[in-house]
Every structure is written in C-alpha cells, then in structure tokens.
Protein chains: 4
Amino acid sequence: MKGSLPKMKVIVDLCVVPMGVGVSVRKYVTECQKVLQEAGLHHQLHAYGTNIEGEWDDVFAAVKQCHERVHAMGAPRITTSIKVGTRTDREQSMQDKIDSVARK
Amino acid sequence: MKGSLPKMKVIVDLCVVPMGVGVSVRKYVTECQKVLQEAGLHHQLHAYGTNIEGEWDDVFAAVKQCHERVHAMGAPRITTSIKVGTRTDREQSMQDKIDSVARK
Amino acid sequence: MKGSLPKMKVIVDLCVVPMGVGVSVRKYVTECQKVLQEAGLHHQLHAYGTNIEGEWDDVFAAVKQCHERVHAMGAPRITTSIKVGTRTDREQSMQDKIDSVARK
Amino acid sequence: MKGSLPKMKVIVDLCVVPMGVGVSVRKYVTECQKVLQEAGLHHQLHAYGTNIEGEWDDVFAAVKQCHERVHAMGAPRITTSIKVGTRTDREQSMQDKIDSVARK
C-alpha cells in the first residue's frame, strides 16, 4: 500500500483474560509470557498486564498467538484489553516513558 | 503454522485517540470509519468506540491501517484502546451479544 | 473541597467481566444494566460494553454497585474495563459524539 | 450489611490521556503521580499507565482528582482508561500478582 509506513514501532499494553476456566488464570498468563519470550519481544510484566515494544506486525502476531495458545490450553473464551501507542515525531522506548515522568 | 487456528473470528472494540492535533478528533474518527468500510468489515459506531467483527487478520490489518492513515493525516501520536473477544465454544455475532442481554 | 469542580459530567464506557463463573456472563451483564436503570443513568448497551453519561459521582457509584452486585451473585473475581471522558470546553452528549461522526 | 460491602479492595490500572494540549503529556502524568502520592495510595508507574491498590472509594476519589487537576492545568479534554480488579475469594496485592507469574 502506498502511503503506509514500511515499519511502525509500537508500544503495547496487553492484558489477556481467559474466561470459563475458573478464578485463577496464572498458567495462561505464564503461557503468554512464554509467547512473548519466544518471539524475542522486549516486554515487562506489571500487576495488570504486560508492556511490549517492537514492530507492529511482530507484536500483533504474538498477541494472536497468545489467543491461539490460551484456547489450545482449554479456555473456551478470551477477552483481551490492549493499549497501542505509535508516534511519528520521535523514537521512544518503554523505559523512556517511565524515565520522563520519574525524572520530574 | 502448526498449532494455529486457520481462522479465528474476533469481536473487537476499537477506540483510536490521536494526540497533538487539538481537542476535536472527529475527522480522524471519520477516517477510521472509512478504513473499516473499505475493508468490508461489519462495524458499529458507539459513543466511545466502534465494534467490529471479522477474521482476526482482517480486523487487525484494518486497525493497523487506521494508525497509518491517522498519522498520514498529520497526527504525530496515537493512543488506541482495543478490546478483543474470541471464543471456541460457539459462534457469536455482535448482535447476538446485544440480544442475549436485551432479551432478559 | 477547594479546587474541585462542583460537578463534572462524564461519558463512560463500562465492560464488567466476572471471572470464575463459567463461560456465559449474560446474567451478570443483565444485572449491571439493572443497576444503571435503577440509578436513573442514561446508558446504551453495545456489543462490547455499555456507554453511560451522567455526573461523575453518580456514574462511579453505579460502577461500584455493579461490582458489589456481581460479587453478591457469586462471582469471586471481577475485572472491569472503563473508559472515562470529561471535557471543560463544551457540553457533549453520547448522541452528539455519534452524530458528529455520522454527519460526515 | 444491606447489599454493599463495607470495604472493597481494588487493584486498578490507570492511564490518563489529556487531549488538546499537544503531543507531550508528561507534566500531566507527573501531576497524577502527585495526586496518588498525596492520597497515600500504593502505586507503581509502568510504561503505559499506573497500577494502584487501595480501598475502592479512596482509589476512585484519587482518579477523580486526577481529572480535576489535569483540567485545572489547562487540558480541555481527557480520555482515561481504567482496569479495575476486585475479588472476594482471597486477598491479593499487586506484588502477589506479579510474583505468581514470575515464579513459574
């Protein structure tokens, strides 16, 4: 497509919620961490999701694989929340975002 | 790819927020509606986002194109919220979800 | 409280997800609709949540009551996603937001 | 107790996005961190939001104050994303959630 950026860097916040598998979802979250590691994506777990940075296509391929794996583990239903940040004015890493506030 | 579902139907809720373009974001939201229409995806605008249903790859290709177009229109930064629902137990459309509650 | 706005109108998008109750969450969503109705809040269900408008305190009291009721119905765990919009430049209703895009 | 829990502990993920103030929102995020500190709430900044834990009313009073302060700083419009977790089966802190996955 003309006009599309060949590469688009993205910072994502991902929270995958398997439904119909009981109250503890730890093993599914752990599996998603493995997906991100295998994908070689820089990521950081926090108490309500995981920050990920990388190229758009790589990050969203991993998100899709999280759904596939969690279904394959037996979860019949998944609801996921994603925040997606892109910018064209400058490069910014996850650490930059934290540092810029912490410095103040 | 072994282990991946050949097709995965998804219901998505999408809210694209352009930053650094002033307080009114109407024209960017309108452009995203156009992207969804051009992609032939079933979608429904509401007061805080847009519901979309379709195959995973088609829906996320459209989401990526929303970011590309909104940047191309001059927005230097975008933060987007996405909810993603998949299920393997049964088919469910956006309208089914609304009907199942409304019937009660 | 000094410095606080006496009233702050808010448009909210609410998606309550009970966990540990099986795959169907319809009855819990229906109960939340009842909470909003009883609270007299203008609201509109869509396929991935409910738009609500009202004063900040009224809306968030209702959101809290949704959690209380869904727990009282037996759900041991709830994860909820909320989007919250406020603006000081002008009044805007949920319908205004939809109309401004649809008009284009 | 009529229906409502006297106390309800909550883990929240908060992401406040001021609109109409240009591309950099650092000073507004920093102000929200100050609100959380002044409120005495346990919180942890990450690259796409802030995790907060505390009693429901205390946490949401702080969220409201974030909106009030960010408007008072000049932002005419704010869109905020919140995830809210409550559970009645057991106590769980933000650190517990991270540890349970990291241990695996």
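The values are calculated or read from the model by the stated rules, or taken from the named source; none is laboratory data. Owing to the predicted nature of the structure, the values given are computational and were not obtained by experimental measurement. So basically every Cβ, Gly included, is an ideal-geometry build from the backbone, and we count neighbours across all protein chains shown. Please note that ligands, DNA and RNA were not included when accessible areas were found on the heavy atoms of the full protein model with its side chains. Shrake-Rupley method; radii C 1.70, N 1.55, O 1.52, S 1.80 Å.
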Item to check | Evaluation of A:Lys7 against (1) farther than 26 Å from D:Ile11 by Cβ; (2) buried (at least 18 other Cβ atoms within 10 Å of the Cβ) (one fails), failing number | outcome: (2)
Next on the checklist: So D:Glu38 passes all but one of these: (1) free of Cβ contacts under 8 Å to residues at least 40 places away in the same chain; (2) open to solvent by less than 50 Å² (accessible area, probe 1.4 Å); (3) not hydrophobic (A, V, I, L, M, F, W, C). Which condition number does it fail?
Outcome noted: (2)
Item to check | Subset of region C:44-92 (residues that are closer than 20 Å to B:Asp13 by Cα, of a type in the set (Gly, Ala, Ser) and in a loop (DSSP other than H, G, I, E, B)) | outcome: C:Ala47
Checklist entry - Assuming C:Gly49 fulfils every condition listed in (1) within 14 Å of chain A (Cβ to nearest Cβ); (2) surrounded by 21 or more Cβ atoms within 10 Å (Cβ to Cβ); (3) over 11 Å from the mean Cα position of the chain (by Cα) apart from one, which condition is it? => result (3)
Checklist entry - What are the residues in region D:52-65 that are among the aliphatic types (A, V, I, L, M) and either within 14 Å of chain B (Cβ to nearest Cβ) or open to solvent by 10 Å² or more (accessible area, probe 1.4 Å) (or both), if any? => result D:Ala61
Item to check | Every residue from region D:22-33 that is free of Cβ contacts under 8 Å to residues at least 24 places away in the same chain and open to solvent by 50 Å² or more (accessible area, probe 1.4 Å) | outcome: D:Ser24, D:Arg26
Checklist outcome for this item: Only one of (1) touching a strand residue (DSSP E or B) at 6+ places or on another chain (Cβ under 6 Å); (2) of a type outside the set (A, V, I, L, M); (3) closer than 30 Å to C:Gly20 by Cα; (4) crowded, with 19+ Cβ neighbours inside 10 Å does not apply to D:Pro18, and that is (3)
Next on the checklist: Just to be sure I understand, how many residues within region A:66-94 are more than 7 Å from every other protein chain (Cβ to nearest Cβ), closer than 23 Å to B:Glu91 by Cα and open to solvent by 30 Å² or more (accessible area, probe 1.4 Å)?
Outcome noted: 3
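Looking at this structure, is D:Leu14 of a type outside the set (Phe, Trp, Tyr), in a strand (DSSP E or B), without any contact (Cβ under 8 Å) to a residue 40 or more places away in the chain and out of contact with any Leu (no Cβ under 7 Å at 6 or more places or on another chain)? Spell out the reasoning first.
Numbers: of a type outside the set (Phe, Trp, Tyr): yes; in a strand (DSSP E or B): yes; without any contact (Cβ under 8 Å) to a residue 40 or more places away in the chain: no; out of contact with any Leu (no Cβ under 7 Å at 6 or more places or on another chain): yes.
Here the answer is no, as D:Leu14 does not meet what is asked.
Would you check if there is a residue in region B:21-34 being part of a helix (DSSP H, G or I) and within 20 Å of A:Val12 (Cα to Cα)? I'd like the intermediate steps shown before the answer.
Going residue by residue through region B:21-34, those that are part of a helix (DSSP H, G or I) are B:26-34.
In the following step, the residues that additionally are within 20 Å of A:Val12 (Cα to Cα) were identified as B:32.
Yes, region B:21-34 contains a residue that is part of a helix (DSSP H, G or I) and within 20 Å of A:Val12 (Cα to Cα).
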